[in-house]
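Reading through the structure tokens given below for one structure.
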Amino acid sequence: AGPSSLSRFRGALVGALLGDCVGAEFEGTEEVPLDRVLQHLDGLEEENRGDGILQYSDDTAMTRCVVQSLLSRSEFDVSDLGRRFAEEYRRAPLRGYGAGVVQVFKKLLSPRCADVLQPAREQFGGRGSFGNGGAMRAAPIALAYPQTQDVIEFSRRCALLTHASSLGYNGAVLQALAVHFALRGALCSGGQYLELLIGEMESLEREEKALSDARELNEADFPYCTRLRKVKEMLERSDVSVEEVVMELGNGIAALHSVPTAIFCALHCLSVRPSLPPHYSGVQRTLAFSLALGGDTDTIATMAGAIAGAHYGMEQVPASWQRCCEGEQDAEEWGERLHKLYQSRALGG
Ligand code: F2R
Ligand code: MG
Ligand code: MG
């Protein structure tokens, strides 16, 4: 797929949807043997599949709200998006939302709510959430805006509706940037791709709030840059076990313990992995590897799937897997509409 081609836009949204739908099976399971992952994925093949459809979870429910808001308003509109998140939660509350974020939706639904960002600021005793719920829905921002500065600004504002801790919203910015640079074909440069991400994150993590939030949580200064350097170091090693990835990068619900992990999964699976079936495409390898890490599997796989889909494009998404997912047609169609929006902005329209 050529840089910023339509195939990459569809690939990013379908890859994200697939990651969520196939990853939900193992969310919260700490040890997931690889043969269980492969058996689960085998079940998606045409010949093994029954009539069942894999339901998407909160990750996709919120991603769909971001896409629909961007497409209907043509610009980022924080009030419209807040209303969509809250309405979607009211319509389908059992998609597996985080325990804290539902309080934000309830406050957003109240007619007394005058400032849509206030409920997020009140989370966790005023510290704000550092969960990965901002990051899991960040990909559409990268598909709507061609300029790096816009991707940073709007992914941060998109996350701030629910995640007021800098560890939460900076994770969302990092995920949006990871998709943004992958769309342009930068993923295959490995080390240089990571340097691009580190360069952007360094200026964000230098901000006063980022420094104080990190210290309050006993994290080192520049926590995302530190993790990205660790990703770089691990990629240089010839072989890295699942246990090492989990120990060094994490597989948890915090954005810091899952966004760099998802980026690692996409980069690590650029080449054939001996433990995975040799006929697997890059997208399939990335999803299988993400699931084998255990922990927050739907969210790590949705983020890694968006990055891999933006890199490889639809050519590497197996049609049989795609057809198993609830909402797969919307994902393809919306990929096309976001591509048009992105192109019109790139041409100054
Ligand atoms: N919630 C889940 N999975 C658990 C149960 C799902 C299961 N399938 C079921 O239905 O039973 N998954 C989804 O939640 C994650 C995204 O969460 P989000 O949107 O960030 O939510 P929240 O509540 O803001 O944060 C998540 C948890 O992180 C801890 N936390 C965050 N900030 C904190 C802070 N400042 N201090 C202390 N703890 C903090 C809390 O435990 C939050 O509940 C995704 O995995 C998605 O798939
Ligand atoms: Mg989920
Ligand atoms: Mg999850």
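From Cα pairs below 8 angstrom and at least 6 apart in sequence, can you work out the relative contact order of the chain, rounded to a whole percent? Before the final figure, lay out each step's value.
Values: 624 pairs, mean separation 119.7, N = 349.
Over the chain, the number comes to 34 percent.
May I ask you to evaluate 6.51 cos²θ - 1.76 cosθ + 1.60, the Karplus curve with θ = phi - 60°, for each residue of the stretch 211-217 and list the ³J(HN,Hα) values in order in whole Hz, giving x for glycine and proline?
5, 6, 4, 4, 5, 4, 9
If you average the sequence gap of Cα pairs under 8 Å that are 6 or more apart and divide by the length of the stretch 242-349, what percent do you get for the contact order? Spell out each step's value before the answer.
On the way: 94 pairs, mean separation 25.8, N = 108.
Contact order relative to length: 24 percent.
Take the alpha-carbon centre of the stretch 199-224, take the same for the stretch 28-63, and report the distance between them in whole Å.
What the calculation gives is 35 Å, centre to centre.
Once the other residues with Cβ under 13 Å from the Cβ of H339 are scored (Lys, Arg +1; Asp, Glu -1), what is the net sum? Write down the numbers at each step before the final one.
Details: positive: R8, R10, R337, K340, R345; negative: E332, E333, E336.
Local net charge: +2.
Check which residues have an amide H placed less than 5 Å from G131's amide H, if you skip close sequence neighbours.
Long-range HN contacts for G131: A255.
Net charge within 12 Å of L174 by Cβ-Cβ distance, Lys/Arg positive one each and Asp/Glu negative one each, not counting L174 itself? Kindly include the intermediate steps, with their values, before the conclusion.
Details: positive: R156, R227; negative: E200, E202, E205.
Summing Lys and Arg as +1 and Asp and Glu as -1 gives -1.
Going down the list K209/K230; K209/K340; K106/K230, which pairs span over 29 Å between their C-alpha atoms? The partial results should precede the final answer.
Working: K209/K230 23 Å; K209/K340 36 Å; K106/K230 38 Å.
The answer is K209/K340; K106/K230.
Taking only Cα atoms of the chain, what ratio of Rg to Rh do you get with Rh as the Kirkwood inverse-distance radius?
Working: Rg = 18.4 Å, Rh = 19.6 Å.
When Rh is taken as the Kirkwood radius, the ratio is 0.94.
Counting only helical runs of four or more DSSP H residues, what would the 222 nm mean residue ellipticity of the chain come to if each run contributes -39,500 (n - 2.57) and the total is spread over all its residues?
Details: 18 runs with 214 residues, N = 349.
Roughly -19000 deg cm²/dmol at 222 nm, from the helical runs in the chain.
What is the sum of charges, Lys and Arg at +1 and Asp and Glu at -1, for the other residues whose Cβ falls under 12 Å from the Cβ of V151?
On the way: positive: R156, R157, R184, R345; negative: D150, E153, E200.
Local net charge: +1.
Using θ = phi - 60° and the Karplus relation 6.51 cos²θ - 1.76 cosθ + 1.60, list the HN-Hα couplings for the stretch 187-197 in order, rounded to whole Hz, with x at every Gly or Pro.
4, 5, 7, x, x, 5, 4, 5, 5, 4, 5
Highest mean first, how do 16-26, 74-84 rank when packing is the count of other Cβ atoms within 10 Å averaged over residues?
Numbers: 16-26: 27.8, 74-84: 16.9.
Ranked by mean Cβ neighbours within 10 Å, highest first: 16-26, 74-84.
Each value in this text was obtained by applying a stated rule to the coordinates, not by laboratory testing. Please read all numbers here as calculations on a predicted model, not as lab measurements. Methodologically, a virtual Cβ is constructed for each residue, glycine included, from the backbone with ideal geometry; neighbour enumeration extends over all protein chains shown.
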